[in-house]
1. What does the net charge come to around G68 if you take all other residues with beta carbon closer than 9 Å to its beta carbon, with K and R at +1 and D and E at -1?
2. According to a simple spin-label model (label point 7 Å from Cα along Cα-to-Cβ), what is the distance in nm between D84 and E44?
3. Starting from the alpha-carbon convex hull of the range 55-149, give the projected area averaged over all orientations, in nm².
4. Run the numbers for T74 and S26: contour at 0.36 nm per residue of separation, minus the present Cα-Cα distance, in nm.
5. Which distance in nm do the two modelled labels at K124 and Q186 give, with both placed 7 Å along the Cα-to-Cβ direction?
Amino acid sequence: MPTINDSTNPVTTNLCQLVYISRITSTGLSSPSTLNDISEISVERNQIDNVTGILCYGNGYFLQCVEGSEQALTNLKNRLLVDDRHKELNILDFSEIAERRFASWSLRSVTLERWMTKDPELKKLMPFKPYEWDSNEWQKFLDVLQGYYEEQTRTGNIDTPPVKYSTLGVTLSKVVGQHQAFFLIQTVLGLMIVATLLWLLL
Ligand SMILES: Cc1cc2nc3c(=O)[nH]c(=O)nc-3n(C[C@H](O)[C@H](O)[C@H](O)COP(=O)(O)O)c2cc1C
């Protein structure tokens, strides 16, 4: 996972954070590699733009927190607004911050499902429905995730997942992983076939 060493970054007076939520579109769901594609381009671009952050996906929703110069984040926001892999982008925060929360990560991607995490604080916020959260719930959510990263930075064990997955979660995340959309479409098609057979039989 590419990292950014923040100590080499110049001190900027306009360090900002952009936090938003959005919904995946049918275009986003139609490709099994959407999450992978987003992650790849983001890591590459964010490294160039000195942007760090986290991208959470679960239950059809995204929550992203990115940190960087006001200009870099404005440019990113403009690209995000025209990206047809997600919609209903709702900006929760775009403000100046004193320091980065996710300084070590050009973009850390996290998939969130209730059965995948053991953390009680995170479990309380599952199923992941960020549009239904109270106005400051996203801050609590980011605090929990930041805790994982700080622990990783302390232990130097940065390759472990940020969220402690349950055994079932680890297995399923490996099997289903980047192919969630494919599995979803297969399930829908399967259900349609069963419904048609039942309709013909009854
Ligand atoms: C949910 C989501 C999160 C994204 N996060 C980033 C990001 O952190 N950095 C980034 O450069 N692009 C991100 N992208 C991709 C951008 O929308 C855009 O496709 C990409 O920056 C390339 O833009 P360009 O083709 O105009 O150069 C994200 C897209 C989605 C759907």
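Readers should treat all values here as calculations from the given coordinates under stated rules, not as data from a laboratory. Since the structure is predicted, the reported quantities are computational estimates derived from the model, not experimental observations. Ideal geometry is used to build each Cβ from the backbone, glycine not excepted, and the neighbour counts take in all protein chains shown.
1. Within the 9 Å Cβ shell, the charges total -2.
2. Reported label-point gap for E44 and D84 is 2.1 nm.
3. Projected over every direction and averaged, the Cα hull of the range 55-149 covers 6.4 nm².
4. Full-extension gain reported as 14.7 nm.
5. Result for the modelled spin labels: 3.7 nm.
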